[in-house]
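We did not get these values from a lab; they are worked out from the coordinates using the rules stated. Because the structure is a prediction, the values reported are computed rather than measured. Methodologically, a virtual Cβ is constructed for each residue, glycine included, from the backbone with ideal geometry; neighbour enumeration extends over all protein chains shown.
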């Protein structure tokens, strides 16, 4: 069996997971996994500075800083309270976490909308235009700050 692309990460109520059918991991040739890891991947304690002891293990071999997962979004969701005035800060963090897609011409336009659908939950909608096609990705994540 020839599997190509990235392992498809599925959103769950408490982080992400992979899907396995008949013993085979589901793969994706789209941007789903890249978007998910960019905004919710990596290590929450990683501040993005060089030689950080808390860096995500996947960053250790990556030489291009544009492809290192630091996730400013995750840090905000653990540091700031889940109130409407912080939604703009989350949107801005998501755009910064996805900026590598624009810089590397993976996408031509990215639009982000963030909501509070439930107590201590954040709804994230990411619209990406790539190669003239638009794709929407939706995530609902725990807002972990106390």
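What the table shows:
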read-out	value
Kirkwood Rh (inverse of mean 1/r, distinct Cα pairs), the stretch 82-146, angstrom	12.5 Å
Global geometry of the stretch 26-146, whether rounded, prolate or oblate, following the gyration tensor of its Cα atoms and the 1.5 cut on a/c	oblate
For 75, 85, 96, order by how many other beta-carbon atoms lie within 10 Å, fewest first	85, 96, 75
